[in-house]
Amino acid sequence: MKKLMPFWGMLILFVSGCVSFQDRDFYADRNNWVIRDERKTGTDYDVFYIYSTLAGKAKTSEMEWKNDPKLQQKITGFANAQTYGIFGKKVRVFSPYLHQLTYASVMKIMKKRPLPKAEWKHFERGMKETAAAFRYYLRHYNKGRPYILLGHSQGAMDLYYLMENCPEIKKENGFVAAYLVGLPHAETERIRRDFGRRVTMAQNADDLGVVAVWNTQNAQANADFMAGKGCYCINPLNWRTDAVPAGRNQHILAYFYDYRTGKTMEKSKMFGARVDPARGVLIVDLPSDSVWDAKGFMGKGIFHMNDIWFFAGNLRANAEHRVRLWKKEYKK
């Protein structure tokens, strides 16, 4: 078992290899899941999904969803849009409710650049709940099926922690790929150190048992907000990690969801993109001060809020491709 960082201390229990939440029955309760798809037929693979920060200012530092119907509705809308909306009904989705930090709390921590690993202690409740939910999924629903992990921003951090501390997450056991989109400061050396040979960084469209990360900006943005020198990044248009650009014709589909109205919108061939290896970010051909950047929250030309939406079609196509390769190699 891998040794945890010191700040977790005795707050975490070890059970069957993967870090466990103290209340082992918490995720036995269907009400603690945003989505728990129990279909036994008609699906191709599973998506274990963790949502991003969806609560702004609040009375507490954490997203208290239990007695907040409006927040539950918002989370449910996002979870459905970023799973079934992108991948279709041929996937089973498992998405737990978590006590993540609110936006205001996250932004205070993110002022430290690059984000020290020690600062992850503030996220530990949601991280432990992620591990507990995933263990429940493995124990009751996986049964050898191929699965992908998908999370954005804080959700990507939760999944990173899960992967670091669950050695049973490996391709021989059904793990196809983890799309940790918008993971802040994903330093290459840290990923290698934390995952070892069990999980490697994706280098192309075909490798299995890998993690894929990208942070989306334009050429004028301040790269160090979410990434920087030494950070890993892959281009979801051509699945390359070097600076070879992908043209607009390689963009399959952007899928946007408005939680206020519930409406969705699709755009194809929207932009080209290239990795900037020196800055560790994905550069897209879109201007600052457009409707797409997060200038009011994170700065001009930073497209963090659209990291998943921009590449929905390419994400789906790649997940399906990797699952086919996994089945060819591992399905008995």
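The values are calculated or read from the model by the stated rules, or taken from the named source; none is laboratory data. From a predicted model like this one, the values you see are computed outputs, not experimental measurements. In this analysis, Cβ positions are derived from the backbone assuming ideal geometry, glycine residues included, and neighbour counts consider all displayed protein chains. Side chains are part of the model used for accessible areas, which takes the heavy atoms of the whole protein and leaves out ligands, DNA and RNA. Shrake-Rupley method; radii C 1.70, N 1.55, O 1.52, S 1.80 Å.
Placing dummy labels 7 Å off each Cα toward the beta-carbon, the span from residue 99 to residue 204 is 4.6 nm.
Estimated at the nearest 10 Å², the accessible area of residue 160 is 0 Å² with a 1.4 Å probe.
All other residues whose Cβ lies under 15 angstrom from that of residue 240 are scored, Lys and Arg at +1 and Asp and Glu at -1, for a net of -3.
Phi angles of the range 231-238 translate, via the Karplus equation with coefficients 6.51, -1.76, 1.60 and θ = phi - 60°, into HN-Hα couplings of 8, 7, 8, 10, 8, x, 8, 10 Hz per residue; Gly and Pro are given as x. Remark on residue 33: its backbone amide H falls under 5 Å from those of 97, a criterion applied only to residues 5 or more positions apart or on other chains, H modelled at 1.01 Å from N. The value given for the range 283-332 is a Kirkwood hydrodynamic radius of 13.0 Å, derived from the mean inverse Cα-Cα separation. Entry note, the range 186-240: relative contact order of 42 percent, from Cα contacts under 8 Å with a spacing of 6+ residues.
Take every Cα pair under 8 Å whose residues are at least 6 apart in sequence, average their separation, divide by the length of the range 257-311, and the relative contact order is 18 percent. Working note: Karplus 6.51/-1.76/1.60 with θ = phi - 60° gives the range 181-191 the couplings 6, x, 5, x, 6, 7, 5, 4, 5, 5, 4 Hz, where Gly and Pro are set to x. Pairs 171/331; 170/331; 74/300: which are spaced more than 23 Å apart, C-alpha to C-alpha? Correct reply: 74/300.
Take the Cα of residue 222, step 7 Å toward its Cβ, do the same at residue 139, and the gap between the two points is 4.5 nm. The local environment of residue 276, defined by Cβ-Cβ distances under 14 Å, has a net charge of +1 under the rule Lys, Arg +1 and Asp, Glu -1. Near residue 84: Cβ cut-off under 15 Å, other residues only, Lys/Arg at +1 and Asp/Glu at -1. The net charge is 0.
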